[in-house]
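A quick write-up on the structure given underneath.
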Amino acid sequence: MELTTKSIIDRPSNEVFELVRDNLDKIVPFLPNVEKIEVKSHSAIDDNHTEVINHWYGKVEMPSLLKKFLVPEIFSWKDVAHWDNKNQCVEYKLQSFLANDLFDATGKNEFKDLGNGKTELNISCSVKIYPDKVPGVPRLLASKVKPMIEALLEKMVGPNMTSLGEGLKEYYSNN
């Protein structure tokens, strides 16, 4: 699944860039399906590069059948982000808390200064989900629940990647 989106935010790019890089947890109330974000590490690599590791905790309604097998951690992930401060962009890799082979997700966000206090946020993310790798699902049921698991993971990951721009707009209109 390839996710791309473009948003225009009525704030200068350096302000938007720094908010997302340094205080992403402040945007949580404006992101669908996210319970919380914990900053685990924030370190300067050099003057132009920063590495940030965040843990995202998703929230999603599961069908009754899946509740028997799935633990809430399946909807949480580690976000390892390498920020290019000079060019105002970030490349990231998402990793499952449960299993390294549950999905592959990499992306890039670019914060483009449009002038007049406006920022264009471009998000692109590539996600490949492997629902047959979900721990705890009995082999006999795997083929039956695989489409449900895949749909739930897509429902959670997709909107949260592509709704960052809308979340930022709401954040700024409330602050």
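Quick look at the values:
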quantity	calculated
Residue in region 2-23 that is farther than 19 Å from Cys89 by Cβ, in contact (Cβ under 8 Å) with a residue 40 or more places away in the chain and among the aliphatic types (A, V, I, L, M) present	no
Matching entry among Leu24, Leu3, Leu31, Leu19 (being in contact with a Pro (Cβ under 9 Å, 6 or more places away or on another chain) and either among the hydrophobic types (A, V, I, L, M, F, W, C) or surrounded by fewer than 18 Cβ atoms within 10 Å (Cβ to Cβ) (or both))	Leu31
For Ile45: the one exception among (1) surrounded by fewer than 16 Cβ atoms within 10 Å (Cβ to Cβ); (2) touching a residue at least 60 places away in the same chain (Cβ under 8 Å)	(2)
Meets criteria (modelled with pLDDT of 95 or more, touching an Asp or Glu at 6+ places or on another chain (Cβ under 6 Å) and under 24 Å from Glu170 (Cα atoms)) for Ser13	yes
Inter-residue pairs, beta-carbon under 8 Å, first within 21 Å of Val127 (Cα to Cα) and at pLDDT below 90 and in region 151-175, second assigned to a helix (DSSP H, G or I) and among the hydroxyl-bearing types (Ser, Thr, Tyr), 6+ apart	none
Single unsatisfied condition, Tyr57 versus (1) in contact (Cβ under 8 Å) with a residue 40 or more places away in the chain; (2) surrounded by 15 or more Cβ atoms within 10 Å (Cβ to Cβ); (3) in contact with a helix residue (DSSP H, G or I) (Cβ under 9 Å, 6 or more places away or on another chain); (4) not polar (S, T, N, Q)	(1)
Counted residues, region 82-132 - those being out of contact with any helix residue (DSSP H, G or I) (no Cβ under 9 Å at 6 or more places or on another chain) and of a type in the set (Asp, Glu)	4
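The values are calculated or read from the model by the stated rules, or taken from the named source; none is laboratory data. Predicted model, so just to flag it, every value in this text is computed and none were measured. As a convention, Cβ positions derive from the backbone with ideal geometry for all residues, glycine included, and neighbour counts pool all protein chains shown.
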